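Read the structure below first, then the notes.
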Amino acid sequence: MPSHELTVVSACAAAFQARPDGLPLRAGVGLKPEYFRTIVDTWPDIGFFEIHAENYMVAGGPFHHCLTAIRERYPLSIHGVGLSIGGEQAPDPEHLGRLRKLLDRYQPEAFSEHLAWSNNGRFFLNDLLPVPYCVATLTRICNHIDQIQTRLGRRMLLENPATYVEFAASTFEEADFICEVIRRTGCGLLLDVNNIHVSCFNHHRDATGYLRALPLHATGEIHIAGFARDVDPTGNCLLIDAHDCPVAPAVWQLYDQALELTGPQPTLLERDRDLPPFDVLLDESRQAEKRLARATRAQKLIP
């Protein structure tokens, strides 16, 4: 198996006092253009910021101007949404080239992508679609991750998905599939707690059992977010990974369970729609920091 245990080198690690292998053990938020002015005017006390890679795949412009200033003061996580790792085709080399330039430019402490697909070579769908969990898919996804990590020169984190349908052709449980992908490729886990809650509710599974089955030793970052409620064609409630509202109590509870199992982890609060004032988001991120502090104290008590 190719070795992908590549050290993520940050030019600003000393200034940030980050862990040598990644983000600081604090809470961060998604960096949105609506917040640029507030951030550079106030330089808030926050653990890190995360951007979506595809929003910055241009040479210049106001987004890069603001991100450059913010990156000088804060750790950074870059989250991809367009590699289509689960697709039939290999990752697009031009997309990988643009992504490599972005990562080289900002040297983020973490890079992550989704266990999903979004294009078939001719069409790009603005969604993260599920895959069947079978041997053929496993082989394909591992090959794609090998190509990505080799091209980018770094270890990536793979996010567990939020799903609304499942394939009858699957021969692996989702958590077992993710375990095998991580074992074969050496990539890390982006543990999305909201996705666990959404998927397990939709598929009538035990969220705690699913959480425990994941390769938690490989966790490099945690995501938390809000979800929306909808109704499926049969009239049953369906949860949607919407990122448009505060974190729900059930997700906070599952997040606490995750921290008990993984220990403190860098935690991103995702909010992509219906953006509140930045202070509201900052206050919510501080709820995560309180839980991280509690997990840190508990960890120190373990002999």
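Assorted remarks:
- Loop-located trypsin sites (Lys or Arg not before Pro) in the range 60-148 (DSSP state not H, G, I, E or B) with no more than 15 neighbouring Cβ atoms inside 10 Å: R73, R122.
- Exposure proxy shown here: for H52, H217, the number of other Cβ atoms within 10 Å sets the order, fewest to most, as H217, H52.
- Set of lysines near K300 by C-alpha distance (under 28 Å), chain-local residues within fewer than 8 positions excluded: K290
- Label point distance in nm, A90-L238, each placed 7 Å from Cα along Cα→Cβ: 3.6 nm
- If you take all other residues with their beta carbon under 14 Å from the beta carbon of L239, and give Lys and Arg +1 and Asp and Glu -1, the sum is -3.
- Just so you know, the Cα atoms of the range 211-296 work out to an Rg and Dmax of 14.3, 44 Å.
- Subtracting the Cα-Cα distance of H203 and Q257 from 0.36 nm times their residue separation leaves 17.4 nm of extension gain.
- Relative contact order for the range 13-301: 17 percent, from Cα pairs under 8 Å spaced at least 6 residues apart, divided by residue count.
- Loop GluC sites (Glu not before Pro), the range 145-183 (other Cβ atoms within 10 Å of the site Cβ: 16 or fewer; DSSP): E166, E173
- Taking other Cβ atoms within 10 Å as a rough exposure proxy, E113, E50, E88, E284 sort from fewest to most as E88, E284, E50, E113.
- Exposure proxy shown here: for H65, H223, H243, the number of other Cβ atoms within 10 Å sets the order, fewest to most, as H65, H243, H223.
Quick note: the coordinates plus some simple rules give every number you see, no bench work behind them. Since the model is a prediction, treat every value here as computed from it, not as a measurement. Here the Cβ is made from the backbone with ideal geometry for all residues, glycine too, and neighbour counts use every protein chain on show.
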